[in-house]
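The values are calculated or read from the model by the stated rules, or taken from the named source; none is laboratory data. Because the structure is predicted, anything quoted here is derived from the model rather than measured. Note that each Cβ is placed from the backbone with ideal geometry, even for glycine, and that neighbours are counted across all protein chains shown. These area figures cover heavy atoms from the full protein model, side chains too; ligands, DNA and RNA do not enter into them. Shrake-Rupley method; radii C 1.70, N 1.55, O 1.52, S 1.80 Å.
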Amino acid sequence: MASINVSKEVIVKYLKKIKRFMKKNYFEFFKNEPLILFFVFSVLFNTLLLRIITVKNGLYFKPLFIDMFLIFIIASFSFLFKTDIGKRRYIIGFSLFLTALCIVHSIYYTYYDSFASVSLLATSTFVVDVGDAVVKKVIKYQDFLYLWQVVFILYVVYHLKKKGIESKNTKRNRKNGFLNLFVTGVVGLALMACFMTPVEWSRFGKMWNRESVAASFGILVYQINDVAQSLEPKINNLFGHDKALKEVVDFYEEHKSVADKNDYSDIFKGKNVLVIHAESLQTIAINKSFEGKEVTPFLNKIVKESLYFDNFYSQVGVGTSSDAEFTFGTSLMPSNSGTVFVNYFDRKYNTIQKSFKNNGYYVFSMHANTGDFWNRATMHENMGYDKFYSKSSFDIDETIGLGLSDKSFFKQAVPMIKNIRDKKKKPFFGTLITLTNHTPWSDLELFDEFPTTWTVDINGQKVTRDYINGTTLGDYFRSVHYSDQSLEQLFGDLEKEGILDDTVVVIYGDHDARISKKYYNILNNYDPYTDEVRVEGDDKYIDYNGFKYDLDRKVPFIIWSKDGKYKKKISNVAGMIDVSPTLSNLFGLDNNKYSLGHDLFSSKAKDNVVVFTDGSYVTNEAYYDGQSGEVYSIKGDAYSGDRIKENSLYADDIIKISNNIITYDLIKELEGIDEKNKS
Ligand code: GP9
Ligand code: MN
């Protein structure tokens, strides 16, 4: 009993202490500082209002508290001014700035469904481009609601002045005021940091899904992060330029990229091209069946009529979809600090899109997501696309997962392609970027049934086991089955319009579906007779290790043409970096001198080394893990130490040269040097 009394007393004592602390530091403090109080709460109200109007998450507590603590920190600096005049000017100045910020983001959101970024200011021509339309359609009265805060603060200042209410500007008071707000702000933010989920932190780090960063962290932290991330490439660019340029020049001296003619050179010269960027499509789904039903019956037929690369890898970094697009187009590796599409969108790149354009093609892209997703609107223009048909070009009449369903997207795309063919009077190169097969494959009811169960005969009775049905991997295969149907529909519609007669269709999986290894283990080790997953020591157990998992991350690369003249399964290891040189050869385009990949029909293809952004690589014989330094022999043969060393150096070179080019914008300089050497 006594101990309970003691702890009760202790609790009461501490509660009293907290009460006194709160009273002195906050209640009395704010009573004596009405301007600060009104500033904090009026700005907080505006940031809340912005979220209510845009991302509609007014009830979400995290951004509300983060905003409040940050406003505390902003307000704390007003105590560094010795006089009330200075303090008032500071508060009015920040009121103006923060109100303007809310207005800009509010207008930008109406137009782009996302928040503005300082890094895009230089290229964001939307206000200039659309002039009148912005005033008429984009700017709404509600964008100016935020102005009340400035008016209110001006009124508070006027009122305080009129009543002669002044702060006690003693040195001690100013110091206490500053520390009070600053320390509360910093401690509060540190506490909030613990509440953020790993997904929220990951988005914060990448900063391409700007809408969700602002929704989780509030607009103020979003803005600070945006400025910091926009400066990063500029800062990187300040140092090390000369060394980087020398490394790149030396590299190209040694590895001159020359196109050697072969049996496949120019075979598709002059034909139209449709590229299907197939979201998360993995090779493992092709020719796979469950309960006697194929996951991809249509693609299984198509690959037999195509140049089909079944040992092909995507080489993406944190920029996933956008990195796949970048490496496809440029034959460079993605950046390993930030994402090219977001952080290095203002550099010059030589792309396959530009090569087609220089050869008289009309070059376009279509994707039913917003134009600012992955900063595509800006980057597609930079890569050489004449036009990007984004979400606003489509009627969002059926939504699955991230947005417009692929079936509806393709249905609407075909008449648009037909129109381009009829109106432009030149060959076209078009990229169609799909969406439906994106994780988390949760709208299952919108797909046809596709059971990934396993039925076996036990003692004359049919028993159906769940197998991977209901797991993420099972859901994924069901979604891929839908993707396969949507492709079949697309081919059917293109055929009806006569587009397939003179069009080559290129299909690539943009990256693996990032499904946990444990499901692949079930896929490989499940025993339907015992209804158990085999473990080490069991008969028929397969050691499904990290290497096997990495090898299963392959994606398909398919080049299909209707005449079926060119069909072949090619199993030499290949990567996204090789696509642009390969297409250049097939379509008779000038070879991009700075490409780091190889034409997959050249003599070099059999010795290919496919490099990944972390320094790992894969060859026809082995997979090397750049993190652990371990090697996995694919064919079971020994892989010599010298080969490992040589290939690792090559992998490091490919990564370094790509990063040098991207960071220091070296293509322009390399072209300048080449020009000079010619004359
Ligand atoms: C959305 C899409 C998805 O537009 O391309 O990007 P991801 O998450 O795969 O990088
Ligand atoms: Mn993707």
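When shorter helices are ignored and each DSSP H run of at least 4 residues is given -39500 (n - 2.57), the per-residue value for the chain at 222 nm works out to -16000 deg cm²/dmol.
The 1.4 Å probe gives accessible areas that order Leu666, Leu551, largest first, as Leu551, Leu666.
For the range 574-623, the dipole from Cβ point charges (+1 on Lys and Arg, -1 on Asp and Glu) about the Cα centre works out to 100 debye, to the nearest 20.
Shown here for the range 284-316: GluC sites (Glu not before Pro) in loop regions (DSSP other than H, G, I, E, B) with at most 14 other Cβ atoms within 10 Å, namely Glu291. On the chain, 57 percent of the accessible area sits on carbon and sulfur atoms, based on a 1.4 Å probe.
Do any trypsin sites (Lys or Arg not before Pro) in the range 176-216 lie in a DSSP loop with no more than 16 other beta carbon atoms within 10 Å, and if so, which? Please list the in-between numbers first.
Numbers: sites: Arg203, Lys206, Arg210; in loops: none.
Of the trypsin sites (Lys or Arg not before Pro), not one in the loops of the range 176-216 has a Cβ with at most 16 other Cβ atoms within 10 Å.
Computed about its Cα centre, the charge dipole of the chain is approximately 4300 debye, with only Lys, Arg, Asp and Glu carrying charge at their Cβ.
With a 1.4 Å probe and all protein chains kept in place, how do Phe144, Phe152, Phe429 rank by accessible area, largest first? List each step's numbers first, then the result.
Values: Phe144 85, Phe152 65, Phe429 0 Å².
Ranked list, largest accessible area first: Phe144, Phe152, Phe429.
Quick check: Cα centre of the range 578-632 to Cα centre of the range 1-77, how many Å? Taking the Cα centre of the range 1-77 as reference, the centre of the range 578-632 is 57 Å away. When the charge dipole of the chain is built from unit charges on Cβ atoms (+1 for Lys and Arg, -1 for Asp and Glu) and taken about the Cα centre, the candidate among Tyr146, Asn469, Thr452 whose Cα reaches farthest toward its positive end is Tyr146. Within the full protein context, the accessible area of Glu532 is estimated at about 120 Å² for a probe radius of 1.4 Å. The average projected area of the range 529-588, computed from the convex hull of its Cα atoms over all directions, is 7.5 nm². With a cut-off of 13 Å between beta carbons, the residues surrounding Leu583 carry a summed charge of -1, where Lys and Arg count +1 and Asp and Glu -1.
In percent, what relative contact order does the range 471-601 have, based on Cα pairs under 8 Å that are 6 or more apart in sequence? Working shown, then result.
Numbers: 105 pairs, mean separation 28.8, N = 131.
Contact order relative to length: 22 percent.
Helix 472-496 and the long axis of the chain differ in direction by around 60°, with both axes built from C-alpha atoms. For the chain, the Cα gyration tensor yields ellipsoid semi-axes of 52, 33, 27 Å (square root of five times each eigenvalue, largest first, whole Å).
Counting heavy atoms of the protein chains alone, Thr339 has an accessible area of about 0 Å² for a 1.4 Å probe. Between the Cα long axis of helix 241-254 and the first principal axis of the chain there is an angle of about 0°, rounded to the nearest 10. Among 95-101, 395-401, 274-280, the peptide with the highest mean count of other Cβ atoms within 10 Å heads the list, and the full ranking is 274-280, 95-101, 395-401. With all protein chains in place and ligands, DNA and RNA left out, the 1.4 Å accessible area ranks Leu59, Leu191 as Leu59, Leu191, largest first.
Computed from Cα atoms alone, the Kirkwood hydrodynamic radius reported for the range 505-563 is 13.8 Å. Surface calculation, 1.4 Å probe, protein heavy atoms: Val463 sits at approximately 40 Å² accessible. Normalised by 2.2 N^0.38 Å, where N counts its residues, the alpha-carbon radius of gyration of the range 519-671 equals 1.30.
I'd like to check one number: the per residue accessible area of the chain, probe 1.4 Å, reported in Å² as a whole number. Don't skip to the end; give the middle numbers.
Working: 31990 Å² over 679 residues.
Dividing the accessible area of the chain by its residue count gives 47 Å².
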